[in-house]
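Just below is one structure, and these are the notes that go with it.
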Amino acid sequence: MPSLLARLRESDDVLIHYAPLHSMLSEDWGKPMEVHLSQWILEHPDRFQDALARSYAAGCDFGSTSTQSSSAWRANLFGLKDQVRRLNYESARLAREVTPPDKYLVGFCSTTLPEFLQPAGTLTPDQVRDGYREQMEALLEGGIDVFMIVGNQPDINLLAIEVARDLAPDIPIISHCVYYHGPRGFFTMMGQTPREGARMLWDAGADVVGASCGLMRKTDDYPTPGETHYYEGATELLGLLRQAGDGPLSIQPNASLSRLAEGKTVYAATPDEMLREVPNWIDRGARIVGGCCGTNLDHIRAIAPLIRRHNARTPSPRP
Ligand SMILES: [Zn+2]
């Protein structure tokens, strides 16, 4: 199999993102919401591996270590600060065991929440670097192929990218900002536009940049009940990210905002709606497509045939 970067460079293939196990495991594999994700995974390795294997079978080209809650800062919230190395290494090792040779295992590094980097918070750049270094070393030892760096504060992404490059100069890095759609358009929590966010991540050395989670459409933009058109917000956002440059883009919108119905978390955006919008994402430069919270394997199965047809008709690697 060509490396991820060679494939992106030498073909027009579009790839399907990892399934959002943080949301799927709670909905379908019995993980209680309040239990720390990696700790639950280590206690239920068979269920984690089953979910991951099913996501590959459904069409995902990527699998995730699902270690977004296992940075030093987020593990600390659960009293697990001294377990960061084990949580990340073991999650990667378990995921590696069920990742087929033609798929890519993503080492997921997320925010420093509830803490922020100075001046928004009190973390120093060195503290941020040290925290990511511990997590990333363990993920690399566990056998990941790609780093996924997602954050609310782009300056933190930049420090994480710097550490990843230092530890593994050739590893592909996908980095996303989280954007929120308000009255003045899309912004990160720290006020960057999509164009600014994407430019920052590319300049820092990310290979693929994009957006995930957040709020990709204003709730009062929702048309008639039963039709969310939520994924159209992702299309608009991709158009703005594209203004930052020609590199490969990646997109993972939520399946709309969640709401509680009869005690269950419900997301409104359907697999059919995603299928309808994916061609527009590809038109705007998305090379890796998928969904965040609320996306399930039905969404993946819905778009997989379209992606397969796209990849079959695009020319094979250019000379
Ligand atoms: Zn999400």
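Quick notes
- Spatially close Lys pairs in the range 13-308, defined by Cα atoms under 26 Å apart and a spacing of eight or more places or different chains, total 4.
- Accessible surface of the range 1-120 [probe 1.4 Å, protein heavy atoms]: carbon and sulfur percent: 51
- Only helices enter this figure: runs of n ≥ 4 DSSP H residues, each worth -39500 (n - 2.57), summed and divided by the residues of the chain, yield -14000 deg cm²/dmol at 222 nm to the nearest 500.
- Of the whole protein surface, Asp170 contributes about 140 Å² of accessible area at a 1.4 Å probe radius.
- For the chain, the longest site-free run once GluC sites (Glu not before Pro) in DSSP loop states with at most 15 other Cβ atoms within 10 Å are removed: 35-226
- Considering only the chain, percent of DSSP beta bridges that pair antiparallel, nearest 5: 25
- Computed lengthening from Glu236 to Ala57, 0.36 nm per intervening residue step minus Cα-Cα distance: 61.4 nm
- Here is the list for the range 134-216: trypsin sites (Lys or Arg not before Pro) lying in DSSP coil, each with at most 10 other C-beta atoms within 10 angstrom of its C-beta, are Arg184.
- Once Rg and the Kirkwood radius are both taken over the C-alpha atoms of the chain, their ratio Rg/Rh works out to 0.93.
- Largest mean-square fluctuation among Gln49, Gln127, Gln68, in a Gaussian network model of the chain whose springs join Cα atoms under 10 Å apart, belongs to Gln127.
- In the context of the full set of protein chains, residues of the range 115-241 present 39 Å² of accessible surface per residue (probe radius 1.4 Å, heavy atoms only).
The values are calculated or read from the model by the stated rules, or taken from the named source; none is laboratory data. These figures come from a predicted structure and were not determined experimentally. Glycine gets a Cβ as well: all are built from the backbone with ideal geometry, and neighbour counts include every protein chain shown. Please note that ligands, DNA and RNA were not included when accessible areas were found on the heavy atoms of the full protein model with its side chains. Shrake-Rupley method; radii C 1.70, N 1.55, O 1.52, S 1.80 Å.
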